[in-house]
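The values are calculated or read from the model by the stated rules, or taken from the named source; none is laboratory data. Keep in mind the model is a prediction, meaning the values are calculated, not measured. Cβ sites come from the backbone with ideal geometry, for glycine too, and all protein chains shown count toward neighbours. Note: areas computed on protein heavy atoms with side chains; ligands, DNA, RNA excluded. Shrake-Rupley method; radii C 1.70, N 1.55, O 1.52, S 1.80 Å.
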Amino acid sequence: MSRIYRIGQIVPSSNTTMETEIPLMLLSRAAQFPEERFTFHSSRMRMKKVTKDELAAMDKDSDRCALELSDAQVDVLGYACLVAIMSMGKGYHRESEKRLHQVTVDNGNPAPVISSAGALVEGLHTMGAKKVSILTPYMKPLTQLVVDYIESEGIEVLDAVSLEIPDNLEVGRQNPLAPAEHIKRVNTANADAVVLSACVQMPSFQSVQQVENSLGLPVTTAAISTVYQMLKALGLERKVENAGSLLSGRF
């Protein structure tokens, strides 16, 4: 018998990627896991420019979004903006996930909450990565906040390259194969793993397996890490074809 899993996502209003990459990964499991069915449901927080002030204002809307999605009785809820969480202070993903989960509990429809920020950190720990190199679309000050956040979680960032794209819609318009070229600017020597996109808005899925095969290193993204944690929360096998080491089925 098949079961339908309802996937909820809290997304920035200008995000155009997580509602494509998350379904792409989960629906690609159909051949291996024909008993699974997924539906996808979103609520949006207003944000156009990726600046610290807009991110902070946007985050205040996340409680409303969690409440709306819990009305749909989603099975898992993802907070789909990594830098919004990381710009709010070290360790904030734990506070955010706990608060948003309580919103769903208080509404009578409890659902686990996964933040892309927490998922990326946990994904790197799961793979045993102590040193990483990362690629981001952000302006350099925001990238530094991401670096500081990751390092506060016990993972050294050896190199970080910023593409410096301030407009969130423009980030979403990037070619998903472009990260395979951009990563050539990143120093990956001595890294245990590579974060090909430390941003859920920058399309990257189609580059991941190519870059992992080329570098001979585990490669992940914020979106892939989010899917891993969603599958874990749902009690499903953490496996997606061509999604890099984290979703290879080894972890």
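Just to verify a result, which residue in region 200-220, among those that are open to solvent by 10 Å² or more (accessible area, probe 1.4 Å) and within 13 Å of the chain's Cα centre (by Cα), is farthest from residue 12 (Cα to Cα)?
Only one residue tops the list, namely 205.
Does any residue of region 86-96 turn out to be of a type in the set (D, E, K, R), touching a residue at least 12 places away in the same chain (Cβ under 8 Å) and more than 30 Å from residue 4 (Cβ to Cβ)?
Checking region 86-96: at least one residue is of a type in the set (D, E, K, R), touching a residue at least 12 places away in the same chain (Cβ under 8 Å) and more than 30 Å from residue 4 (Cβ to Cβ).
Here is a list: 223, 233, 178. Which entry is surrounded by fewer than 20 Cβ atoms within 10 Å (Cβ to Cβ), aliphatic (A, V, I, L, M), closer than 19 Å to residue 115 by Cβ and in contact (Cβ under 8 Å) with a residue 12 or more places away in the chain?
The unique qualifying residue is 233.
Answer yes if at least one residue in region 223-243 is more than 21 Å from residue 5 (Cβ to Cβ), out of contact with any helix residue (DSSP H, G or I) (no Cβ under 6 Å at 6 or more places or on another chain), modelled with pLDDT of 95 or more and polar (S, T, N, Q), and no otherwise.
No - not one qualifying residue is present in region 223-243.
Can you say whether residue 84 is open to solvent by 20 Å² or more (accessible area, probe 1.4 Å), closer than 21 Å to residue 136 by Cβ and at pLDDT below 95, as far as the supplied structure shows?
no
Being of a type in the set (Val, Ile, Thr) and not in a loop (DSSP other than H, G, I, E, B) is the filter here; which residues of region 171-226 pass it?
Hits for region 171-226 are 171, 183, 194, 195, 208, 211, 219, 220, 221, 224, 226.
Looking at 58, 47, 127, can you tell me which residue is open to solvent by less than 70 Å² (accessible area, probe 1.4 Å) and at pLDDT 95 or above? Steps first, please.
Values: 58 fails: at pLDDT 95 or above; 47 fails: at pLDDT 95 or above.
Of 58, 47, 127, the one residue that is open to solvent by less than 70 Å² (accessible area, probe 1.4 Å) and at pLDDT 95 or above is 127.
Can you tell me which of 213, 168 is over 24 Å from residue 19 (Cα atoms) and of a type outside the set (A, V, I, L, M)?
Unique residue meeting the criteria: 213.
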